[in-house]
Each structure stands twice: as C-alpha cells, then as structure tokens.
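Read the structure below first, then the notes.
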Amino acid sequence: MRVLVVEDEKKLGQLVQRGLREEGYAADLAEQGEEALWMARAVDYDAIVLDVMLPGLDGFEVCRRLRADGIWSPVLMLTARDAVDDRVMGLDAGADDYLAKPFSFEELLARLRALTRRAPVQRPSVMEVGELRLDPASHRAWRGDTELDLSAKEFSLLELFMRRPGIALSRGQLLDGAWDMAFEARSNVIDVYVRYLREKIDRPFGRDSIETVRGVGYRLRADA
C-alpha cells in the first residue's frame, strides 16, 4: 500500500514515514501543500496523511483542491487543534477522518487500515483469495493452515495482488504500489521479488498462483 505523508514538522514527518516503511508501506513525504498537490496528482495513493498547519496552502485547502481535481484517495487529517470547528471544517473540505496531535502511531495505523478498507470500495479486514489469507492488521499471511514467513516487501506485494485477483498488473503498477519515490528502480526488481514470493507461497505447496502475463506483468489467479 502506498501512502503520502504531508507534514511540515520535518522530524515528525520522517518518523511517520519511517514507521510506515517498517510496517511494509511505501511512504512518500511532502512538507508543503503545493508539493503534496503535485505528488497526489502524479501518483494514485491508497491514503493521504495530511497535516492541517502547512506553509502556503493549508491542509483544508489542499484537501478541497484534491477533491475538486477528482482525487478521492482517503484523507486522514492531522492537527494540533482539537476544536470541534476544526474537525467540521476538515470533514467538510473532503477529509475522511481526523486525528489530533499528539497521537499514537498504532492508532494512526489502525485508522489508515480502516480508511483503506472502506474506500473506494468496501474491503474485508482479512483478505482471502483461494487458499491464501492475509491480515493487514497483524501483518500475517497463510496458505491454508500454514503461516507464511514473508518480508515486509513480500507482504506488501502479496497484498497488492490479493486486492486485485485475476487482474494482470504491470511491473509499473506493482512498483508504484509497493515502492516509494525514494526507491531507485532497477529494471528487474519486480521480477526478483515475484520470484521470492513464488518460492514462499507456491513452490512448497505445489501451487502456481502467480502467473506471468507476457508483455504485461503478473497476475494472481482468482482461485489462488
């Protein structure tokens, strides 16, 4: 899952970004409203963590412009102000949820999971495709009754596939979904990680769930 963090307090922004990456998210960081707008227009983010107090365009105006541009990524607004008027203003601007500072990182993660389950279509808390099950909250995955030992990036890649079973995903789509802008792409990184994933979710079980789609990329079979 790919998340945009918009926070002008550099230390806090970097802490949130690092925490998300450690949880297997691809996380980009913007420190100004204008920067956040062009990044959100360029990348289809699964969620946006948006601070209210930003230099230049504030978070309310950023959210309004995103919605006016037809960008409907779930927005979780952060603010040091917990007044009812501020919460109402944020929600009216198009935000999906509100979190007051200071906050616990665990609560931020839980709110992000809840937002991405709801939008743009309802998603179950535990994903299932055939014999494969994946629980984003506990960061665990199984093939049947056997728990899979996946790295954070392998888990993120499997989640991308399981959100779109039966659909061919290009290498570009997989790269955008599981890696952030700080990553210097190598031409074969997707192929390498798909091979890692196959070695853990398929080969030990005599399955062939991830199919190569020539000229396109890869597809997780809907029956897995």
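In debye, nearest 20: dipole of the chain around its Cα centre with unit charges on the Cβ of K, R (+) and D, E (-)?
Numbers: 33 positive and 40 negative charges, 165 e Å.
In debye, rounded to 20, the chain gives about 800.
Hey, got the dipole for segment 127-220? About the Cα centre, +1 on K and R Cβ, -1 on D and E Cβ, debye to the nearest 20? Write down the numbers at each step before the final one.
Values: 15 positive and 16 negative charges, 58 e Å.
Taking the Cα centre of segment 127-220 as origin, the dipole is about 280 debye.
Among the GluC sites (Glu not before Pro) found in segment 129-224, those both in a DSSP coil and sparsely packed, with 11 or fewer other Cβ atoms within 10 Å of their Cβ, are E184.
Bridgeable lysines around K101 (alpha carbons under 25 Å apart, same-chain partners fewer than 8 residues away excluded): K10, K11.
Taking every alpha-carbon pair within segment 1-63, the share separated by more than 13 Å comes to 55 percent. Shape of segment 2-118 from its Cα gyration tensor (a ≥ b ≥ c, root eigenvalues): rounded if a/c is under 1.5, otherwise prolate when a/b > b/c, or oblate? It comes out rounded by the Cα gyration axes. Considering only Y196, Y45, Y98, the Gaussian network model of the chain with Cα springs below 10 Å gives its largest mean-square fluctuation to Y196.
Under a Gaussian network description of the chain, with springs only between Cα atoms under 10 Å, the residue in G19, G177, G33 that fluctuates furthest is G19. Taking 0.36 nm per residue of separation and subtracting the current Cα-Cα distance, fully stretching the chain between A100 and D69 would add 8.5 nm.
Measuring gaps between exposed loop sites in the chain (trypsin sites (Lys or Arg not before Pro); DSSP loop; at most 13 other Cβ atoms within 10 Å), the longest gap, sites not included, is 82-185.
Taking 0.36 nm per residue of separation and subtracting the Cα-Cα distance, full extension of the segment from E131 to E22 would add 36.6 nm.
Under the rule of -39500 (n - 2.57) per DSSP H run of 4 or more residues, summed and divided by the residues of the chain, what mean residue ellipticity at 222 nm is obtained, to the nearest 500 deg cm²/dmol?
Numbers: 8 runs with 89 residues, N = 224.
Computed mean residue ellipticity for the chain: -12000 deg cm²/dmol.
Values in this text are rule-based calculations from the coordinates and carry no lab data. These numbers were taken from a predicted model, which means no experiment stands behind them. We place every Cβ from the backbone using ideal geometry, glycine too, and count neighbours over all the protein chains shown.
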